Amino acid sequence: MKIIEARNIRKSFRREVVLKDFDFEARKGEFILLVGANGSGKTTFLKGLLGLLRFDSGSLSVRSNKIAYVPERFFFPEFITLESFLKLFLEKMDQEMFREWGLSEARKKEMGKFSKGMRQKALLMQALHADAEVYVFDEPMSGLDEAAKETFLNKLAALKNEGKTVLLSTHNPEHFRMLADRTVGMG
């Protein structure tokens with residue numbers, strides 16, 4: 001069953017065309033890599049798919065409203081603690097979740113004091129522990145240490161085994177090729 005279908009998508013910013021006659025589809029349970037250089041339209045397509053920007057033309061059908069998302073860039077409120085941030089998205093949290101990401105000591109810490117890697121872990125935690133049907137990741141390995149990369153890859157494998165649909169944009173597909181059902185080249 002097709003869970004996402006896009007036809008003849010076009011998007012430009014000022015006079016620069018980023019997506020032109022772009023077609024895409026994802027079936028339920030598929031793991032798809034979106035690969036391309038900076039400016040190839042990966043982030044633009046994902047944002048349009050999520051309703052965060054409007055495409056200039058084309059048609060889009062998304063047959064799920066249970067979508068988890070990790071953007072490439074996210075600006076956290078400086079004063080909010082990790083625990084408070086996660087409570088905005090998750091119904092329940094447990095100590096194991098914090099431990100597996102190496103953030104047990106940071107639970108009550110203000111996110112304004114977090115490193116880039118800690119912020120990225122927080123974004124991954126909110127998405128990976130959500131009850132979603134579709135998971136969308138835009139350059140998710142940015143800032144992660146080796147242990148966190150391994151944790152993330154294990155979580156992705158679990159999503160795949162559960163039959164979840166995963167869309168992941170990356171400049172470096174090597175980490176994900178073993179999980180991907182197919183790769184879509186952009187640009």
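The values are calculated or read from the model by the stated rules, or taken from the named source; none is laboratory data. Remember, it's a predicted structure, so these values are computed and weren't measured experimentally. Reconstructed Cβ throughout: ideal geometry from the backbone, glycine too, with neighbour counts over all protein chains shown.
Please specify each residue of the stretch 155-187 satisfying the condition of being outside any helix (DSSP H, G or I), surrounded by 18 or more Cβ atoms within 10 Å (Cβ to Cβ) and either at pLDDT 95 or above or touching an Asp or Glu at 6+ places or on another chain (Cβ under 8 Å) (or both).
Passing the criteria: Lys164, Thr165, Val166, Leu167, Leu168, Ser169, Thr170, Phe176, Ala180, Val184.
Restricting to the stretch 30-78, name every residue that is surrounded by fewer than 17 Cβ atoms within 10 Å (Cβ to Cβ), part of a loop (DSSP other than H, G, I, E, B) and without any contact (Cβ under 8 Å) to a residue 60 or more places away in the chain.
Within the stretch 30-78, Gly51, Leu52, Leu53, Arg54, Asp56, Asn65, Arg73, Phe74, Phe75, Phe76, Pro77, Glu78 qualify.
Take the stretch 3-29 and flag every residue that is buried (at least 18 other Cβ atoms within 10 Å of the Cβ) and touching a helix residue (DSSP H, G or I) at 6+ places or on another chain (Cβ under 9 Å).
Passing the criteria: Ile4, Ala6, Ile9, Lys11, Val18, Leu19, Phe22, Phe24.
Among the residues of the stretch 105-118, is any within 30 Å of Ile9 (Cβ to Cβ), without any contact (Cβ under 8 Å) to a residue 40 or more places away in the chain and either charged (D, E, K, R) or surrounded by fewer than 14 Cβ atoms within 10 Å (Cβ to Cβ) (or both)?
Within the stretch 105-118 (the criterion being within 30 Å of Ile9 (Cβ to Cβ), without any contact (Cβ under 8 Å) to a residue 40 or more places away in the chain and either charged (D, E, K, R) or surrounded by fewer than 14 Cβ atoms within 10 Å (Cβ to Cβ) (or both)), the answer is no, since none of the residues qualifies.
Output the residues belonging to the stretch 134-153 that are surrounded by fewer than 19 Cβ atoms within 10 Å (Cβ to Cβ) and closer than 14 Å to Phe31 by Cβ.
Leu153
Within the stretch 58-73, is even one residue touching a Gly at 6+ places or on another chain (Cβ under 6 Å), closer than 18 Å to Leu168 by Cβ and at pLDDT below 95?
Within the stretch 58-73, not a single residue is touching a Gly at 6+ places or on another chain (Cβ under 6 Å), closer than 18 Å to Leu168 by Cβ and at pLDDT below 95.
Looking at the structure I just gave you, is Phe75 within 16 Å of the chain's Cα centre (by Cα) and either closer than 17 Å to Pro140 by Cβ or of a type outside the set (S, T, N, Q) (or both)?
So Phe75 passes the test.
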